[in-house]
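Data first, discussion second: the structure below is written as structure tokens.
Values in this text are rule-based calculations from the coordinates and carry no lab data. Just so it is clear, the structure is predicted and the values come from calculations on it, not from any experiment. Note that each Cβ is placed from the backbone with ideal geometry, even for glycine, and that neighbours are counted across all protein chains shown.
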Amino acid sequence: MGKESVRQRADLLCRPAEALPDTPFKKGEGYPVRRLQISRMKTTKAMTIRLTDEQAEALETVASVEQRAVSDAIRSAISEHIESRRKDPAFQEDLRARLARARKLLARQAGGE
């Protein structure tokens, strides 16, 4: 493969997909490469949850009826749960108390007590 061929292929990667030919290259050179649109996703963390058979079946049913992936249904439920805790005064008070206790423990550790 000559330098011109490499440059031509590199040029194809920079063109929009609609500007690429729909016919193959010369025999032995393969097919044109379509430009891919790469989206940047937020960083995710994989987690494992254990569900009873009944919970799993109910979750799959809900996701199916809502025409969405089970993982999307789970993320939505988690977001709703977290938001409800943010609005729950009792939860917020407990959170503040736990943070205050943690600060006291850290202060003791730093002070060598």
Open item on the list: How would Leu95, Leu105 line up from fewest to most surrounding beta-carbon atoms within 10 angstrom?
Closed with: Leu105, Leu95
TODO: Determine the sum of side-chain charges near Ser71: Lys and Arg each +1, Asp and Glu each -1, restricted to other residues whose C-beta is under 13 angstrom from that of Ser71.
DONE: 0
